[in-house]
Amino acid sequence: MAIKELLNRFNAVVTDPYSEARSRKEQGQKVIGWLPTDVPEELIHAAGAFPVGSLGSCSKIRLADTHLQVWVCSLMRGSLEMGLRGDLDFLDGLIIPQTCDTTRAMVGIWRQTSLIPYIDSFMMPKQVKRSSAREYLIGELTRLKSNLEKVTGNLITNESLGTSIKLFNENRQLLRRMFEIHADHPGLISSREVYTVIKAAMYMDKVKHNGILQDLIQAMKQKAARSIDKSNPKVRLVISGGVWEPPEIMDLIEEAGGVVVGDDMLTGMRYLSPDADEKRDPLEALADRQLNKIPFAGFDNQNYERRRFLHNLVRHTEAAGLIFLHLKFCEPENYDYNDMREALNSAGIPNLRLETEVGNPSLGQIRTRLEAFIEMIGGDPIE
Amino acid sequence: MYVAGIDIGSIYSKAVILKNNQVAASLVKRTGGEIRTISHRIMDEALTPLGIQLEDLKSIVATGYGRISVPFAEKQVTEITCFGRGTAQLFPDVRTVIDIGGQDSKGIKIDERGRVTDFVMNDKCAAGTGRFLEVMANALEVNLEDMGPLALQSESPEEIGITCTVFAESQVISLVGEGRRKVDIVAGIHQAIAERIYGLLKMLKIEERIAITGGGAKNIGLVHELEKRLGTELIVPEEPQLIGAHGAALMAMEMAMHRKGG
Ligand code: SF4
């Protein structure tokens, strides 16, 4: 199948994200949703339920404002709006990870306002390198596991969890493979398409996703081999932050002459790496996967790992600069920003911060900043 | 050889025509109505005295927020890049440019050739921009041009919080209601804007010398407040609003030369 057709299938999913979840529900399967980020989908899957992400991509906020102050990020606001509107009524449960103060407070609001019978708050250690972190997290995963068993009525055995881990690892590996091909041959598919494929994985059945993804990788490889002209005039960029929303931001980056070749986004690389060790006890493997994820403002440590991570990422991807995509009112990102900017500045890495909102595609000023940034790092616009 | 730079801003549109690197004509006009129409009109007005037409221009570069809608431009370049070029041409030793436009304010770092090395820009909100001054002038029933000189007359400026244009406006209205002196309110407004812009600039490694461009540069009260905070004298170009169009024209000239040279 041609690349376009394969991409269309992922696109269709992202345009109508919950059709798979709804049809699962109709067939009698339990459906458990999760908010970004870091909820171990494998546990949901191993309990025989269908895991589905809720990324809050909803633009007209009418109901959520009654419950939230102005300084709540648009990601949480959008998700709650969808909940209040009844868009997520098919869910048998919702797991809310605690990434920040906002998510912590959201759990209570969801419990009071939503009809979803099971709402869980998944608490991850913030200081991932503390010696107590691992033991604590295994305990928390055990708690989550038994709750999921109760909700679904299915036992999660080591075997079933192992099988789920294998399936999800495969998905991550394939996604990383696709990303590598894109970074080596930018332009085969657009930056937005790359990230749409990743986003689709959050809504789809993984077996199905893996199947189409395999075909896509094949098609990309063939196209790469055919194209003689390896040079790509686009400016290579890394993006850093939570979610790449609104999706139009990806188009803007490309229109301004850039291409995204690396990231640390929740709806990007942070979703894809690392794998869970298939040879270990599955709960321990899930805990280790969480603790070894690439650094994010919500879970960092005092060793300034994220500074080094971003610096290395830019070098390793041969990017000319880094763009922070920060959601307005995202406190972890906003607090860390100065530190990250300093680190990049002292490494001589040009960087730009754009403040975005989920569901708000008015990007006029952002366009100017992006273009000016790419004019700045991309060499002389005349030549 | 003639080339042109056109800068369509949110409030004013500007054009600069260069003839062999010398400014042959320049123009500032209010942006009103359709950008297509205003682009043509401003060019006609600039070119007619020179006895030439659009077709005689070897290259045209458009900049400013309306740059994508200029129908005859050969290339669009952001105002940030253009302000760098334009400033360096006029003042080669400037390393930091403060641009205060109608809808946004910016800080731009440039090297000796006028190439941008870093920049910051205010957020969507109009606080700290020309638009903010306009709103305040309206609320106080003072002519916009009189705001700056008025600010200089105050000895005890009012404290104005400036997180948001709408809040600040109602604060100003209540100060008026309390019978506070207009000059003190005006001075307070200028301090607040200067504080906001200074906060933005601090995100850059500010290096001297510093120039101020855009409509805001014409406001002596604002320039004065910024100088106080920056601890140095600001370079104010004779025509601060034209720097962007001038930079665009310089880029047009480079493009034309580049083509000629093969
Ligand atoms: S981490 Fe940021 S984006 Fe995520 S929920 Fe918290 S505030 Fe919102």
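Can you pull the mean other chain C-beta count within 10 Å for peptide A:370-377?
Working: counts 1, 8, 13, 5, 2, 8, 11, 2.
Mean inter-chain Cβ contacts per residue within 10 Å come to 6.
The stretch B:189-238: which residues show an accessible-area loss of 30 Å² or more, assembly versus chain alone, 1.4 Å probe?
Correct list: B:M203.
What does the accessible area of A:F324 come to, in Å² to the nearest 10, when a probe of 1.4 Å is used?
The accessible area of A:F324 comes to roughly 0 Å².
Skipping prolines and chain starts, which residues have an amide H placed within reach, meaning under 5 Å, of the one on A:F50, given they are 5 or more residues away or on another chain?
Correct list: A:K30, A:V31, A:I32.
How much accessible area per residue does the protein assembly as shown have, counting only protein heavy atoms and a probe of 1.4 Å, in square angstrom?
Numbers: 26890 Å² over 645 residues.
Here the per-residue accessible area is 42 Å².
Show which aspartates and glutamates lie in cross-link reach of A:K60 when reach means a straight Cα distance below 18 angstrom and same-chain residues fewer than eight apart are skipped.
In chain and number order, the partners are A:D16, A:E81, A:D87, A:E245, A:E248, A:E357.
Share of Cα-Cα pairs in chain A beyond 29 Å, in percent?
The calculated P(r) of chain A puts 41 percent of pairs beyond 29 Å.
Anything over 27 Å Cα to Cα? Flag those among B:K14/B:K202; B:K75/B:K260; A:K328/B:K182; A:K293/A:K328; A:K25/A:K328, in the order listed. Before the final figure, lay out the partial values.
Details: B:K14/B:K202 29 Å; B:K75/B:K260 17 Å; A:K328/B:K182 36 Å; A:K293/A:K328 24 Å; A:K25/A:K328 35 Å.
From B:K14/B:K202; B:K75/B:K260; A:K328/B:K182; A:K293/A:K328; A:K25/A:K328, over 27 Å: B:K14/B:K202; A:K328/B:K182; A:K25/A:K328.
Could you tally the net charge around B:T63, taking each other residue with its Cβ under 12 Å from the Cβ of B:T63, Lys/Arg +1 and Asp/Glu -1?
Details: positive: B:K14, B:R67, B:K75, B:R85; negative: A:E371, A:E375, B:D7, B:E79, B:D99.
Taking every Cβ under 12 Å from that of B:T63, the sum is -1.
By a straight-distance test (C-alpha under 19 Å), which lysines pair with A:K223 as possible cross-link partners, with residues fewer than eight away in the same chain excluded?
A:K4, A:K234
What is the projected area of the convex hull of the Cα atoms of chain B, averaged over all directions, in nm²? Please report the intermediate quantities before stating the final value.
On the way: hull surface 55.7 nm².
The number I arrive at for chain B is 13.9 nm².
Charges at C-beta only: +1 for Lys and Arg, -1 for Asp and Glu. How large is the resulting dipole of the stretch A:50-162 about its Cα centre, in Debye rounded to 20? Before the final figure, lay out each step's value.
Numbers: 13 positive and 11 negative charges, 77 e Å.
Approximately 380 debye in magnitude.
Once the dipole of the stretch A:72-158 is set up with Lys and Arg at +1 and Asp and Glu at -1 on Cβ about the Cα centre, which of A:Q127, A:L75, A:V107 lies farthest towards its positive end?
Positive-most Cα among the choices belongs to A:Q127.
Given q = 0.13, 0.20, 0.24 Å⁻¹, what are the Debye log10 I(q)/I(0) values for the stretch B:181-262, with equal point scatterers placed on the Cα positions and solvent ignored?
Cα-only, vacuum Debye calculation for the stretch B:181-262: -0.54, -0.94, -1.15.
Which order do the peptides B:179-190, A:112-123 come out in when sorted by mean C-beta neighbours inside 10 angstrom, highest first? Can you show the working numbers first?
Working: B:179-190: 21.2, A:112-123: 15.8.
Descending packing order for the listed peptides: B:179-190, A:112-123.
Can you tally the net charge around A:L7? Count Lys and Arg as +1, Asp and Glu as -1, for every other residue whose Cβ sits under 11 Å from the Cβ of A:L7.
Details: positive: A:K4, A:R9, A:R192; negative: A:E5, A:E193, A:D215.
Charge balance near A:L7 sits at 0.
Under 14 Å from the Cβ of A:A105, count the other residues' Cβ atoms, weight Lys and Arg +1, Asp and Glu -1, and hand me the total. Before the final figure, lay out each step's value.
On the way: positive: A:R77, A:R104, A:R111; negative: A:D101, A:E331.
Taking every other residue near A:A105 into account, the sum is +1.
Just in the stretch A:1-93: which trypsin sites (Lys or Arg not before Pro) are loop by DSSP and have at most 13 other Cβ atoms within 10 Å? Could you put the intermediate results ahead of the total?
Values: sites: A:K4, A:R9, A:R22, A:R24, A:K25, A:K30, A:K60, A:R62, A:R77, A:R85; in loops: A:K30, A:K60, A:R62.
Of the trypsin sites (Lys or Arg not before Pro), the ones in loops of the stretch A:1-93 whose Cβ has at most 13 other Cβ atoms within 10 Å are A:K60, A:R62.
Would you mind working out the magnitude of the charge dipole of the stretch A:132-280 relative to its Cα centre, with +1 at each Lys and Arg C-beta and -1 at each Asp and Glu C-beta, to the nearest 20 Debye? All intermediate terms of the calculation are to be shown ahead of the outcome.
On the way: 21 positive and 21 negative charges, 77 e Å.
So the magnitude is around 360 debye.
Given the protein assembly as shown, what whole percent of its Cα pairs are spread farther than 32 Å?
Values: 115581 of 207690 pairs.
The calculated P(r) of the protein assembly as shown puts 56 percent of pairs beyond 32 Å.
Averaged across B:72-79, how many Cβ atoms of other chains sit within 10 Å of each residue's Cβ atom? Walk me through the numbers on the way to the answer.
Values: counts 0, 0, 0, 2, 2, 5, 12, 3.
Average neighbour count from other chains, rounded to a whole number: 3.
What does the convex hull of the Cα atoms come to per residue for the stretch A:288-383, in Å³? Spell out each step's value before the answer.
Values: hull volume 11.9 nm³, N = 96.
Per-residue hull volume (Cα only) is 124 Å³.
Give me the summed buried accessible area for the B-A pair, 1.4 Å probe, to the nearest 100 Å². All intermediate terms of the calculation are to be shown ahead of the outcome.
Details: alone 12380 and 16520 Å², together 26890 Å².
For B against A, buried area totals roughly 2000 Å².
Any idea what angle helix A:131-152 forms with the longest principal axis of chain A, computed on alpha-carbon atoms, 0 to 90 degrees, nearest 10?
Approximately 60 degrees, to the nearest ten.
Enter the angle in degrees (range 0 to 90, nearest 10) between the Cα long axis of helix A:101-113 and the first principal axis of the Cα atoms of chain A, meaning the one along which they spread out most.
50 degrees
Mind checking the mean number of beta-carbon atoms from other chains within 10 Å of the Cβ atoms in B:81-93? Write down the numbers at each step before the final one.
On the way: counts 7, 2, 1, 3, 0, 0, 0, 0, 0, 0, 0, 0, 0.
Mean partner-chain Cβ count within 10 Å for B:81-93: 1.
Looking at A:S227, B:M257, B:G86, which one has the Cα that reaches farthest to the positive end of the dipole of the protein assembly as shown (charges on Cβ: Lys, Arg +1; Asp, Glu -1)?
The listed residue farthest towards the positive side: A:S227.
Rank A:E357, A:E318, B:E74 by accessible area, highest first, at a 1.4 Å probe radius?
Details: A:E357 50, A:E318 140, B:E74 85 Å².
From most accessible down to least: A:E318, B:E74, A:E357.
With +1 assigned to the C-beta of every Lys and Arg and -1 to the C-beta of every Asp and Glu, and no other charges, what is the dipole magnitude of the protein assembly as shown about the Cα centre in debye, to the nearest 20?
Details: 76 positive and 86 negative charges, 246 e Å.
It comes to approximately 1180 debye.
With just the Cα atoms of the stretch B:92-236, tell me how far they stretch along each of the three principal axes, in Å, largest first.
Rounded to whole Å, the extents work out to 51, 29, 22 Å.
What are the extents of the Cα atoms of the stretch A:17-159 along their three principal axes, in Å, largest first?
Its Cα atoms span 44, 42, 23 Å along the three principal axes.
Can you tell me which aspartates and glutamates have their Cα less than 12 Å from the Cα of B:K228? Leave out same-chain residues fewer than eight positions away.
B:E195
Under a 10 Å cutoff between Cα atoms, tell me which one of A:I96, A:I349, A:I109 has the largest fluctuation in the Gaussian network model of chain A.
Greatest mean-square fluctuation among the candidates belongs to A:I109.
On a 0 to 90 degree scale, rounded to 10, what angle separates helix B:165-177 from the longest Cα axis of chain B?
Helix B:165-177 sits roughly 40 degrees off the main axis of chain B.
The values are calculated or read from the model by the stated rules, or taken from the named source; none is laboratory data. These numbers come from a predicted model, not from an experiment. For neighbour counting, all protein chains shown are included, and Cβ atoms are generated from backbone atoms with ideal geometry for every residue, glycine included. When the accessible area is computed, the model is the full protein with side chains, heavy atoms only, and any ligands, DNA or RNA have been set aside. Shrake-Rupley method; radii C 1.70, N 1.55, O 1.52, S 1.80 Å.
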